[in-house]
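Student: My structure is below; once you've seen it, I'll send some questions.
Nothing in this text is a laboratory measurement; each read-out follows from the coordinates by a stated rule. On a predicted model such as this, the values are computed, not experimentally measured, just so you know. Glycine also receives a Cβ, built like all others from the backbone with ideal geometry; neighbour counts cover every protein chain displayed.
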């Protein structure tokens, strides 16, 4: 259950900033943790404040941080606690806000933009590829559709529901498919790349489409809550490699990937989809939209 409550103001410690938040991003992982679908990596005692992305203005600096940062508009990441008016952010994780982007687009690129750029790079997509983008109506998926098209690929956008399929088509997908329907894979036909983020039976069905030489699957999530499990009876005849990608295992690359996503956006080559902007008090409604599979693009909470 999510509810808004008053708590004591946080105090920045060594190497930390106190940010008066104006916006925070909502991510599906937070919904899964709250619902108990996946374990909380921090094992946080309840009640706790969720959220990992924040935009706002620095109002105080802890020891070891120059006071020149006070008054700076920043966008940054935290381990938890961004669904709040005041957020303590590690100074090293708070970057000056690029005003050309604005805080909503900057939040959309902070984690999801970096992931999308990294996934496309890992998949080594180029002309001649046919790419299946799963969850193509979501925050990462809407970016992947655009990046795969930019790389010269033919894009098949997989999404549940007509609204998400329309968004993917508007972003350049060559064809769309509703993978919540039985037999969806037969509509798609062979592909050379699967960008896998759903897991479970969807992943197994998608893997069966990788019949061309050089085909591969990049795994970067399991939104269904079910792991990506390809049994040897399916894996050995197909032979397509499963390649993992996670920012969590490549934290040193995060700033570079964010910068590349931001540069593409500033140049007009990438357009983050901001699907909903809601007040913080509507956080529970935002989570319900994710659970109902109706959330599109990036969801932002404002303060």
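Student: Once you put a point 7 Å from the Cα of residue 166 and another 7 Å from the Cα of residue 29, both along the Cβ direction, what distance in nm separates them?
Tutor: My value for the distance between the label points is 3.2 nm.
Student: Run through the DSSP bridge list for the range 39-169 and note the antiparallel percent, rounded to the nearest 5. The partial results should precede the final answer.
Tutor: Working: 8 of 12 bridges.
If we restrict to bridges inside the range 39-169, about 65 percent are antiparallel.
Student: Between residue 302 and residue 271, take the C-beta separation as r, use R0 = 25 Å, and let me know the FRET efficiency to the nearest 0.05.
Tutor: About 0.75, to the nearest 0.05.
Student: Here is a further query. Mind checking Rg over Rh on the chain, alpha carbons, Kirkwood formula for Rh?
Tutor: Details: Rg = 19.6 Å, Rh = 19.9 Å.
Ratio value, two decimals: 0.99.
Student: Counting only the backbone N, which residues of the range 1-25 are under 14 Å from the spot 7 Å out from the Cα of residue 70 toward its beta-carbon?
Tutor: 12, 17-20
Student: While we're on this one: Can you put 287, 68 in order, fewest other beta carbons within 10 Å first?
Tutor: Fewest-to-most Cβ neighbours within 10 Å comes out as 68, 287.
Student: Can you tell me the alpha carbon radius of gyration of the range 114-248 divided by the globular rule-of-thumb value 2.2 N^0.38 Å?
Tutor: Details: Rg = 13.2 Å, N = 135, 2.2 N^0.38 = 14.2 Å.
Dividing the Cα Rg of the range 114-248 by 2.2 N^0.38 Å gives 0.93.
Student: Roughly what % antiparallel, to the nearest 5, for the DSSP beta bridges in the chain?
Tutor: Around 50 percent of the beta bridges assigned by DSSP in the chain are antiparallel ones.
Student: What list do you get for 217, 1 if you sort them by fewest beta carbons within 10 Å?
Tutor: Sorted ascending by nearby Cβ count, the order is 1, 217.
Student: Have a look at 151, 286, 116 and tell me which one the Gaussian network model of the chain (Cα, springs below 10 Å) gives the largest fluctuation.
Tutor: 151
Student: Can you tell me the orientation of helix 139-150 relative to the chain, as the angle in degrees between its alpha-carbon axis and the longest Cα principal axis, to the nearest 10?
Tutor: Around 60 degrees separate the two axes.
Student: I would also like to ask the following. Need the C-alpha centroid separation for the range 162-191 versus the range 126-151, integer Å.
Tutor: The distance from the Cα centre of the range 162-191 to that of the range 126-151 comes to 12 Å.
Student: Please sort 266-277, 167-178 by packing, taking for each peptide the average over its residues of neighbouring beta carbons within 10 angstrom, highest first.
Tutor: 167-178, 266-277
Student: Ok, one more. How far is helix 114-123 tilted off the main Cα axis of the chain, in degrees rounded to 10, range 0 to 90?
Tutor: 30 degrees
Student: Have a look at 204, 250, 105 and tell me which one the Gaussian network model of the chain (Cα, springs below 10 Å) gives the largest fluctuation.
Tutor: Looking only at 204, 250, 105, the largest GNM fluctuation is found for 250.
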